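Each reported figure results from applying straightforward, stated rules to the coordinates on display, with no laboratory input. Note that this is a predicted model, so its numbers are computed, not measured. Neighbour counts are summed over all protein chains in view; Cβ atoms, including those assigned to glycine, are modelled from backbone coordinates with ideal geometry.
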Amino acid sequence: MKAKYFIFWLIAFLIPLVLIEGVSRLVSYPSSFDYIERRLIEQDFEARKGRNEFRVFMFGESTIHGQYLFPNSTIARWMEIYLGHLLPPETASKIKVYNLGRLGEDSFFITQAFVDMIPLKPDLVVFYTSHNDFVQMENRIRNLNRTWKDRAYDDFINLTKKSAFISGLRRAAVRRRLAQRRREVQAEEDEDRWYDHLRRKDEPNLVQGLLPPGGRKIRAVQEMLEQNITRVIRQAQAHHIPVIFFSPLSRYDAYAPFKSVHGPYLSPSQLARWEDTRIQLASATVKSRKT
């Protein structure tokens, strides 16, 4: 008898929740991290795709975000400008590029954000990531030392993000916080000044804390990065989403991207060729200024 009462009250409890979720899916959609939601709101994102709309999502770190050049001279902004010149106006107007890069983040955040955004049906996704996996101390500690409790918490949060009802409430809270920040100061300028101050303060520590190439820890970071990239590719293939990965200019495990030095893997002949090229470029620059 007790089992019947339990089942009855369980069904009575679940039915309203199912109805609420069903109605919510008519007007809302699954969510991602609060930061991603804020960036979508700031870029006037519409969940319902327009007729013949081609939707491009760009994920990455400060390079994609734009950092000091945000929001006027970012990769996403230049892509829109280039496409506007290359394509007929009626075609270019159908391409919507959304900048979802975040300062200081790593492939763990970027991968999960991409998986969260799959229901929004992107037609192309662009990635630029890896630097912060190797040089951000807090990211390294967080991702390499995750316990089963951390994973269980992440799984629970990811489950709630799939609910349109809960996502709608979270999105409303993000809008309220964003409106409050806009009343006080321009949100992105405030964020960039804060990050600039933090970066100048901590930069020597980041350089000193780089992992030595070939060690056990650097291999662990590389394996984590490969796992995240593999997850992106598998999810993209499963949902038939084309993806582009930018090739970096430097090897991440060799040196910090914010310090201009030669990598240890270069041969003497390569270093000599680089020096010759640098001298030729400097000479050509001087001549062009004189003319």
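Summary of values
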read-out	value
Rounded FRET efficiency, nearest 0.05, which uses the C-beta distance separating ARG177 from HIS85 and R0 of 25 Å	0.10
Protection proxy ranking of 77-86, 148-157 - average other beta-carbon atoms within 10 Å, highest first	77-86, 148-157
Net charge of neighbours whose Cβ lies under 11 Å from the Cβ of GLU61, counting Lys and Arg as +1 and Asp and Glu as -1	-2
Cross-link table LYS49/LYS149; LYS121/LYS161; LYS162/LYS217; LYS121/LYS149, entries beyond 28 Å C-alpha to C-alpha	LYS49/LYS149; LYS162/LYS217; LYS121/LYS149
Highest average packing first - 128-135, 225-232, Cβ atoms within 10 Å	128-135, 225-232
Net charge over other residues, Cβ less than 9 angstrom from the Cβ of VAL174 (K, R count +1; D, E count -1)	+4
